[in-house]
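Here is the structure we will look at, set down as C-alpha cells.
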Amino acid sequence: MLVLKWVAILLALLAAIGSFGSRTRAEDAVICSEQDRASLLAFKAAILRDTTDALSSWTGRDCCTDWEGVTCQASTGRVSSLILQARAEDGESFMTGTLSPSLANLQSLEILVVSGMKRIKGPIPDKLSQLSGLSQLVLEFNSLDGAVPPGLGHLASLQVLSLNGNRLTGQIPPSLGNLKGLLQLNLARNSLSGQIPATLLSYLPRLQFLDLSFNLFSGPLPEFSGGRFGNLTNVDLSNNQFSGQISNSVLSLSSVSFLSLGNNRLSGGIPHQISSLKSLSQLQLSGNRLTGQIPASISTLQKLWYLNLSRNELSGPLPLSLGQGIPSLSTIDLSYNNLSLGFVPEWIRNRELYDIRLAGCRLSGRLPIFTKPDSLDIVDLSDNSLTDGASSFFANLASLSEVRLRNNQLNFDISKIPLPYNLRILDLRSNRLVGQLSAILNNRTGRSLEIIDVSGNQLSGGISEFSGGATGLKVLNIAGNRISGQIPSSISSLSELQMLDVSRNRIGGTIPPNMGGLTKLQWLDVSINAISGRIPASFLGLTSLQHANFRANRLCGEIPQGRPFNVFQAVAYAHNLCLCGKPLPPCRRSRR
C-alpha cells in the first residue's frame, strides 16, 4: 500500500515533467546536444535486448524530439531527464544489459529513471556521482548488483533516491547522510546488510519517506536523533534482522503515519509511549519477539485504522479501553500470540471493521455473529477450537470475500451452507466437514473463487465439470477427503491454475491429456488414488511445474522424458503398476 502511494506520487510528477517536455519540443524545436546524443547512444549500445521497444525510437540526429523517454532543456538542448519505465509485474517487458557509465556525461541531467527493466545487471556506475544537478535517481526493479556507490552522497541536489528491488549487497555508505535535501530514500528489496550508519539519519531534516525493508540489516533500530524529523511520515524497516527494543527515538517521530517494523527480531514490550505517535494511521509490528500485554495507550491513537501485532509473544488480557478507543480502526490482526481469548471480544464483534484476524487466539465454541457485517470483507479465525455455528456465520456475512477457518473442529454439511456470492478465498482445511464437493465447485461460487482449500475433511462426491465459471481459480486443494469419480477433462479450462492437489482420495479413471495446457501450474499432486493409464506426454508443456507427485496409483508406461519429470525424485513415481524411464529404471522395449 505504501509502495503504491509512492509510485503514484512519482508517476504524477513524471507525467507533469513529460507534459512540460512535450510543450518545449513543440514550441521551440530544440536540437539536442551532440555530446548528449553520443552519451545516449552509448547507453543504448550497452542494452543487448529491449522488449519494451522504447529504444527503437532512438534514431536520427535530434534526441530531443522523438526519442522516447528523453526530455531536453528549452534554452540549451541539453538532456534534462531520461525516464525509461516498465511495469515490474509485466514479465514480457524488460531490457537486458548494463548501465553505461556514459550517462554521467549528461551534465544537465536532473532526472534519471530506469525502472522495472528486470534484467539490467552489473554495478551502478560510480561516475553517476558527477551529475551535480541530479534531483531524482530511480533505478528500481532491475537486477543491479554490487555495492551502493559512496559517491552518490556527493549529489547535493538529490531529493529522491530509489534503488528498490535490485541485488545490491554490502552496507549503506555513511556518505548518504550528506544528502541534506533528500525527501525520499528507498533501498528496499535488496541484500544490504550490517548496521545502519549512525550518521545516515543525523542530517536529513527534509526526509519524508524511508523504506529499508526486505534486506539483511541487523543490530538495533536506527536512531532518529535530535527531533530533526518533523517531515517524516512513512517508515518501513520490516523484514530485516533488527534486534533489541523499540527505541524512544522511533517513538519521537511525531509526524509518522505509517510505521512498519514487522518481521525482525525485536524484543521487550510495546512501549506505552506509542501513544505519542499522534499521526499514526498504520502500525505493523508482526513477526517479532514482543512480550507482555498490549498497552492501553494504543486506544488513544485517533487516526489508527490498521493494527497488526500478530506472531509475537503478547499475552492477555486485552485492555478494556480498546473497546472505547481507536475510533478509526478498520483492520486488526492479533493472530498467533499467547492470547487466550476464549471468544471474539464484544468490542470487535460490534464494530464496523473491514478485516479481522484472530488465528491461534484459543477461541472455542460457536463461530461469532458480527453485528455490523456489511463492512466486513476478510475474517481469519484459523487454528482455534471452534465447533459449530457455521450456518448463522455464513448467512450473516453475505459480502465476505475471504474466509479462513482452517484447523478448527467445525462439523457441518457444506451442502447446506450459503457461501457468499463474491467469495474469493475459502480455506476450511482440517475440520470435520461432510457433504458434496459440488456444493463448492458450482457456477454460483466458481465465478469469483481464486483459492479453495477444503483438504483434510470428509467431503464426498465427484469433481464436477468446470463449465466456464471458475476460470480465475488459482488453487484447488481437495486432498484427504472421500472424493471419487475422475478428474474431468474440463479442468483444462482453468487457465490460471497454479496448484492442484487431489491426493489421498478415491479418484479413478485416467489423467486428461489436455491438462498439459495448464501452463501456469506449479504444484501437482495426484498421489494415493486409483488413477490408471499413462502420465500424458503433453505434460512436457507444464514448464512452470516445480513439484509433482504420482505415487501410489495404477499408472503404467514411460514417464515423460524431459524436464522436470525426468529429474524429480523416484519417490514421486513409487508404488504404481509399471511406470518406467528416468528417474526409474529404463522401459523394456518389445522385441520384433
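List the strands (runs of 3 or more DSSP E) inside segment 372-460, counting only whole elements, that have at least 1 residues being over 22 Å from Q498 (Cα atoms) and of a type in the set (A, V, I, L, M). First the steps, then the outcome.
Values: elements: 378-380, 385-388, 402-404, 425-427, 451-453.
In segment 372-460, 378-380, 385-388 are the strands (runs of 3 or more DSSP E) which contain 1 or more residues that are over 22 Å from Q498 (Cα atoms) and of a type in the set (A, V, I, L, M).
What number of residues within segment 403-424 are open to solvent by less than 10 Å² (accessible area, probe 1.4 Å) and at pLDDT 90 or above?
5
From the list A156, A188, exactly one residue is open to solvent by 30 Å² or more (accessible area, probe 1.4 Å) and either among the aliphatic types (A, V, I, L, M) or closer than 27 Å to Q241 by Cβ (or both). Which is it?
Working: A188 fails: open to solvent by 30 Å² or more (accessible area, probe 1.4 Å).
Residue meeting the stated conditions: A156.
Answer yes if at least one residue in segment 534-543 is free of Cβ contacts under 8 Å to residues at least 12 places away in the same chain and assigned to a loop (DSSP other than H, G, I, E, B), and no otherwise. So that I can check it myself, show each step before the final result.
First pass over segment 534-543, keeping only residues free of Cβ contacts under 8 Å to residues at least 12 places away in the same chain: none.
Looking for residues that are free of Cβ contacts under 8 Å to residues at least 12 places away in the same chain and assigned to a loop (DSSP other than H, G, I, E, B), one finds none in segment 534-543, hence no.
Of everything in segment 240-268 that's open to solvent by 30 Å² or more (accessible area, probe 1.4 Å) and modelled with pLDDT under 95, which residue is farthest from L314 (Cα to Cα)?
Looking at residues that are open to solvent by 30 Å² or more (accessible area, probe 1.4 Å) and modelled with pLDDT under 95, I get S255.
How about segment 161-185: which of its residues are open to solvent by 20 Å² or more (accessible area, probe 1.4 Å) and at negative phi?
Here is the first cut: in segment 161-185, the ones open to solvent by 20 Å² or more (accessible area, probe 1.4 Å) are 167, 169-171, 174-175, 178, 180, 183-184.
The answer is R167, T169, Q171, P174, S175, N178, K180, L183, Q184.
Could you go through segment 377-399 and let me know if any residue there is polar (S, T, N, Q), more than 30 Å from N481 (Cα to Cα) and out of contact with any helix residue (DSSP H, G or I) (no Cβ under 8 Å at 6 or more places or on another chain).
no
Quick test for you: out of A16, A26, A46, pick the one residue that is at pLDDT 95 or above and small (G, A, S).
Numbers: A16 fails: at pLDDT 95 or above; A26 fails: at pLDDT 95 or above.
Going through A16, A26, A46 in turn, just one is at pLDDT 95 or above and small (G, A, S): A46.
Which count do you get for residues in segment 223-242 that are farther than 18 Å from Q171 by Cα and in contact with a strand residue (DSSP E or B) (Cβ under 8 Å, 6 or more places away or on another chain)?
Here is the first cut: in segment 223-242, the ones farther than 18 Å from Q171 by Cα are 224-235.
Next cut, in contact with a strand residue (DSSP E or B) (Cβ under 8 Å, 6 or more places away or on another chain) only: 232-235.
Final tally of qualifying residues: 4.
Counting only residues that are in a loop (DSSP other than H, G, I, E, B) and more than 35 Å from the chain's Cα centre (by Cα), which one in segment 544-557 is surrounded by the fewest Cβ atoms within 10 Å (Cβ to Cβ)?
Going through segment 544-557, the residues in a loop (DSSP other than H, G, I, E, B) turn out to be 544-546, 550-553.
Of the ones still in play, those that are also more than 35 Å from the chain's Cα centre (by Cα) are 552-553.
Numbers: A552: 18, N553: 25.
Among them, the one singled out is A552.
For segment 492-507, check the following and say yes or no: at least one residue is of a type in the set (D, E) and open to solvent by 40 Å² or more (accessible area, probe 1.4 Å). So that I can check it myself, show each step before the final result.
Of all residues in segment 492-507, those of a type in the set (D, E) come to 496, 501.
Now drop any that are not open to solvent by 40 Å² or more (accessible area, probe 1.4 Å), which leaves 496.
Within segment 492-507, one or more residues are of a type in the set (D, E) and open to solvent by 40 Å² or more (accessible area, probe 1.4 Å).
For segment 222-239, how many residues meet the condition of being modelled with pLDDT of 95 or more, part of a loop (DSSP other than H, G, I, E, B) and open to solvent by 10 Å² or more (accessible area, probe 1.4 Å)? Lay out the reasoning, then the answer.
In the first step, residues of segment 222-239 are kept if they are modelled with pLDDT of 95 or more; the result is 233-239.
When the remaining residues are screened for being part of a loop (DSSP other than H, G, I, E, B), the result is 233, 237-239.
Then drop every residue that is not open to solvent by 10 Å² or more (accessible area, probe 1.4 Å), which leaves 233, 239.
Total meeting the criteria: 2.
Identify all residues within segment 443-483 that are among the hydroxyl-bearing types (S, T, Y) and modelled with pLDDT under 90; write none if there are none. Step through it out loud before you land on a result.
Applying the first criterion (among the hydroxyl-bearing types (S, T, Y)) to segment 443-483 yields 445, 448, 455, 460, 464, 467, 471.
Matches in segment 443-483: T445, S448, S464, S467, T471.
Considering only segment 562-581, state which residues are part of a loop (DSSP other than H, G, I, E, B) and closer than 18 Å to Q546 by Cβ. Talk me through it step by step, then tell me what you get.
Applying the first criterion (part of a loop (DSSP other than H, G, I, E, B)) to segment 562-581 yields 562-569, 574-577, 581.
Selection gives G562, R563, P564, F565, N566, V567, F568, Q569.
Restricting to segment 288-338, name every residue that is within 17 Å of F258 (Cβ to Cβ) and either in a helix (DSSP H, G or I) or open to solvent by less than 50 Å² (accessible area, probe 1.4 Å) (or both). Give the steps one after another, and end with the answer.
Here is the first cut: in segment 288-338, the ones within 17 Å of F258 (Cβ to Cβ) are 298, 301-309, 326, 328-333.
Selection gives I298, L301, L304, L307, N308, L309, I326, L329, S330, T331, I332, D333.
Across segment 196-219, what is the number of residues that are closer than 22 Å to G268 by Cβ, in a loop (DSSP other than H, G, I, E, B), modelled with pLDDT of 95 or more and not hydroxyl-bearing (S, T, Y)?
Number satisfying all stated conditions: 1.
Could you tell me whether V344 is under 30 Å from S260 (Cβ atoms) and not in a loop (DSSP other than H, G, I, E, B)? Talk me through it step by step, then tell me what you get.
Numbers: under 30 Å from S260 (Cβ atoms): yes; not in a loop (DSSP other than H, G, I, E, B): no.
No.
Please find, within segment 344-394, the residue that is most open to solvent (accessible area, probe 1.4 Å) out of those that are of a type in the set (D, E) and touching a residue at least 40 places away in the same chain (Cβ under 8 Å).
Quick first cut of segment 344-394, residues of a type in the set (D, E) only: 346, 352, 355, 374, 377, 380, 383, 388.
Checking which are touching a residue at least 40 places away in the same chain (Cβ under 8 Å) leaves us with 380, 383.
Working: D380: 21, D383: 56 Å².
Only one residue tops the list, namely D383.
Would you confirm, using the coordinates I've provided, whether L204 is under 25 Å from Q107 (Cβ atoms) and in contact (Cβ under 8 Å) with a residue 24 or more places away in the chain? Spell out how you get there, then give the answer.
Values: under 25 Å from Q107 (Cβ atoms): no; in contact (Cβ under 8 Å) with a residue 24 or more places away in the chain: yes.
Judged against the criteria, L204 is not a match.
Could you say whether any residue in segment 558-572 is over 23 Å from R429 (Cβ atoms), open to solvent by 10 Å² or more (accessible area, probe 1.4 Å) and of a type in the set (V, I, T)?
yes
If a residue must be free of Cβ contacts under 8 Å to residues at least 60 places away in the same chain, open to solvent by 10 Å² or more (accessible area, probe 1.4 Å), more than 15 Å from D53 (Cβ to Cβ) and of a type in the set (V, I, T), how many such residues does segment 81-132 contain?
1
Open to solvent by 50 Å² or more (accessible area, probe 1.4 Å) and among the polar types (S, T, N, Q): is that true of N431 in this structure? Before you say what the answer is, go through the steps one by one.
Working: open to solvent by 50 Å² or more (accessible area, probe 1.4 Å): no; among the polar types (S, T, N, Q): yes.
Taking the combined requirement at face value, the residue does not satisfy it.
The values are calculated or read from the model by the stated rules, or taken from the named source; none is laboratory data. The structure presented is a predicted model; accordingly, all values stated were derived computationally and were not measured. Heads up, the Cβs are rebuilt from the backbone with ideal geometry, glycines too, and the neighbour counts pull from every protein chain shown. Heads up: the accessible areas ignore ligands, DNA and RNA and are worked out on the full protein's heavy atoms, side chains in. Shrake-Rupley method; radii C 1.70, N 1.55, O 1.52, S 1.80 Å.
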